[in-house]
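K.L.:
Just passing along the structure, written as structure tokens.
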Amino acid sequence: MDDRPIGMFDSGIGGLTVARALIDLLPKEDLVYVGDSARFPYGPRDLDQVRLFASQITRKLVEEDNVKLVVVACNTASAAALEQLRFHFDVPLVGVIDAGVRGLLSATRSGRVGVIGTVGTISSGAYQRAVTTQRRQLPGGRGVELTAQACPGFVELVERGEARSEEAVMLAERLLAPVREAGVDSLLLGCTHYPYLARTISEVMGPEVVLVSSADETAFEVRDILLETGLGRRSSTNGRRRWVSSGAVAPFVRLGQHLLGPELGAAEHWEPPAMDARPVEAVGPSPSMLR
């Protein structure tokens, strides 16, 4: 058994959807969550820059917070940096992309599926590759037709607390038009911020389209790793949760409490390293590379 905490990070508050799923599924585990609010959104950024940010935060979690596992609870960071992080850090690392695709392919009836995400996530091709890989494992080799659509502006709406605004509805109607025209029956919310827009997205897509979030599937994957590796925490009490923001703490706490619940009662500030900080150095292959 291992009493070290689970670490996780996102570009802001979007990863709280994954944190909520982890707390519900693994209530005994300690958790350290880093929201990189000072540098959000990641979606429009150059992927090399996202890799640097992801490396800096993972280094903090591993070296300063002594975590036993890291959840990259950001789709853009998962697409850009997950494999690099698995090479450089000797702890298991879990992303949200493969987990989300598993849920998407389980939900579809017709094989016509969609994924929406940030510009960085969609342009990386990570979801397209994951769907191609996983559909080969479907019974009978059932075909899958994927429509991928970038949705710039969604993350900013959530971070401003405007997920139910008129602006959100108008933007969703415009951005989701290609996905509706494709006739998908299942739509993967390929950004951890997007579940907070689920009601608006569902109203635009219609009741016949199933919305899929990667949060629960990611939590299940973390649980499986802890069981397989013996890294779970043995305790009769609920775990402790620490919340960290690279930006202003007060807005992070205020919106985080609204989205997550009373568990987010306070937060700490973390100052990210300078933009020209050295990248991570290889420390050898990690066990998570095998996953």
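K.L.:
So which residues in the range 170-196 are surrounded by 16 or more Cβ atoms within 10 Å (Cβ to Cβ), out of contact with any strand residue (DSSP E or B) (no Cβ under 6 Å at 6 or more places or on another chain) and in a helix (DSSP H, G or I)?
P.N.:
The answer is 171, 172, 175, 180, 194, 196.
K.L.:
Right, here's the next one. Got a number for residues in the range 20-43 being within 21 Å of residue 270 (Cα to Cα) and touching a strand residue (DSSP E or B) at 6+ places or on another chain (Cβ under 9 Å)?
P.N.:
11
K.L.:
Among 133, 108, 121, which is β-branched (Val, Ile, Thr), crowded, with 20+ Cβ neighbours inside 10 Å and over 18 Å from residue 202 (Cα atoms)?
P.N.:
121
K.L.:
Which one of these does residue 105 not meet: (1) free of Cβ contacts under 8 Å to residues at least 60 places away in the same chain; (2) under 17 Å from the mean Cα position of the chain (by Cα)?
P.N.:
Here residue 105 meets the rest and fails (2).
K.L.:
Residue check, residue 118 against (1) at pLDDT 95 or above; (2) in the same structural domain as residue 190 (by TED's automatic domain parsing), all met but one. Which one?
P.N.:
(1)
K.L.:
Tell me, which residue of the range 79-102 that is more than 14 Å from residue 131 (Cβ to Cβ) and out of contact with any Ser or Thr (no Cβ under 8 Å at 6 or more places or on another chain) is surrounded by the most Cβ atoms within 10 Å (Cβ to Cβ)?
P.N.:
Within the range 79-102, the subset more than 14 Å from residue 131 (Cβ to Cβ) is 80-96.
Of the ones still in play, those that are also out of contact with any Ser or Thr (no Cβ under 8 Å at 6 or more places or on another chain) are 82-83.
Details: 82: 23, 83: 13.
It comes out as 82.
The values are calculated or read from the model by the stated rules, or taken from the named source; none is laboratory data. All figures in this text were calculated on a predicted structure; none of them were measured in a lab. Note that we place each Cβ from the backbone using ideal geometry, even for glycine, and neighbour counts take in every protein chain shown.
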